[in-house]
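Read the structure below first, then the notes.
No value in this document is a laboratory result; all are computed from the given coordinates. If you're wondering where the values come from, they're calculated on a predicted model, not measured in any experiment. A quick note on method: Cβ atoms are made from the backbone with ideal geometry, for glycine too, and the neighbour counts reach across all protein chains shown.
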Amino acid sequence: MNRRIDTLMARVALAIAAAVLATAVYAEEKAVAGDWTFTVEGMTLTMTLEQTGKAITGTLQSPHGPIPIKGEFEKGTITFTGGVEGVELSATGRLQSDGSLAGELSMNVGNVTWKAVRTSAH
């Protein structure tokens with residue numbers, strides 16, 4: 001009986017380790033190119049990203065017009081900067097387990113949190 005429990009516990013531990021490893025690999029390999037619904041401070045904006053290797057470029061559609069952005073996505077972490085007439089921003093975030101992105105956005109008017117949900121992949 002104890003041997004069955006030991007075998008079962010070993011299998012459960014192995015399954016948990018495999019799930020953790022798969023999540024880490026998924027976060028590192030996942031590309032962020034595509035269209036995203038970007039939510040910040042009660043506003044919903046559209047973000048479109050292109051990716052070449054770890055480099056990203058794109059556009060964040062804002063009430064002030066399109067904001068060109070550029071940055072990097074590597075090992076599950078995204079960083080980007082951008083700006084347009086009076087609006088300068090710098091963002092960092094992480095790929096979440098549900099496939100969304102979330103992080104902090106610094107602007108010349110203050111710091112806020114943001115979240116982005118994929119609407120389509122490129």
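Which shape class applies to segment 25-91: rounded if a/c is under 1.5, otherwise prolate when a/b exceeds b/c and oblate if not, where a ≥ b ≥ c are the square roots of the Cα gyration tensor eigenvalues? Taking the square roots of the gyration eigenvalues as a ≥ b ≥ c, segment 25-91 is prolate.
For Thr59, neighbours were defined as the other residues whose beta-carbon sits under 12 Å from its Cβ, and their charges (Lys and Arg +1, Asp and Glu -1) total -1. Taken one residue at a time, the phi angles of segment 92-99 give Karplus couplings (6.51, -1.76, 1.60, θ = phi - 60°) of 10, x, 10, 6, 8, 4, 8, x Hz. Gly and Pro are set to x. Using the Karplus curve 6.51 cos²θ - 1.76 cosθ + 1.60 with θ = phi - 60°, what ³J(HN,Hα) values do you get for each residue of segment 41-52, in whole Hz, with x for Gly and Pro? Calculated HN-Hα couplings, in order: 6, x, 9, 10, 10, 10, 10, 10, 10, 10, 9, 10 Hz.
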